[in-house]
Amino acid sequence: MGLFDIFNRKRQNGHTHTMMIDNAIPDIPETTFIEKDVPEKEEPVEKSVAPLNGGIHLLYEFLDKNYESKGYEDALINPDATHLDQNVIALKNDLERSIRKVKTFYEDFIRQINFHISSRSRSGMIDTVEELTIKKEIAESHIHQVKEIEEQAKINEGVGHGIIISYTRGFRNGLAAISSHLILNKNF
């Protein structure tokens, strides 16, 4: 008699022992234990440094957009000079709003840093205070740049005025394209 023969030996009623076990266990659906749908992979959450959330990068992102193509498309939709003037005013307002957001962000951030500097100074955490001081200097440098951009935009100069020039150029190119298509390409 082999080692596993005990499981295959016949019972008095003629059934094997394994058959009896099979009949005693109810059928359990496969879905109870096996997940057939592939779960979606969760995107890793990136930790961002606080100044990136609303700092100078927000302002530069606004300034880096392509306003020439927007002006061109706007001219094709409504080729009116008052439309150009209104959109230039809207762009200036958007720039001013972005500058205010960034300034507010840095003012709040500097207040938080000042609290942490004073708190950590009282605790004798010299290295942490020095790191916080460096962060504060960076934030102050950024807010100084933002104020320069704001002042230049008020007198229609600098990078803030560049978006207006870009938009106006695009709008005028759109007007030229309309004239070219409607008038200049006609044969007499």
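Read-outs: derived from the displayed coordinates by stated rules, not from any lab. Given the structure is predicted, the values throughout are model-derived calculations rather than measurements. Neighbour counts run over all protein chains shown; Cβ positions are idealised from the backbone, glycine included.
Exposure proxy shown here: for I110, I164, the number of other Cβ atoms within 10 Å sets the order, fewest to most, as I110, I164. Cross-link pairs exceeding 21 Å between alpha carbons, from the set K70/K103; K92/K154; K92/K135; K70/K186; K70/K101: K70/K103; K92/K135; K70/K186; K70/K101.
For the charge dipole of segment 50-184, defined by +1 on Lys and Arg C-beta atoms and -1 on Asp and Glu C-beta atoms about the Cα centroid, which residue among I138, I126, G160 has the Cα displaced farthest towards the positive pole? Of the listed residues, the answer is I126. Here the relative contact order of segment 50-184, from alpha carbon pairs under 8 Å that lie six or more residues apart, stands at 47 percent.
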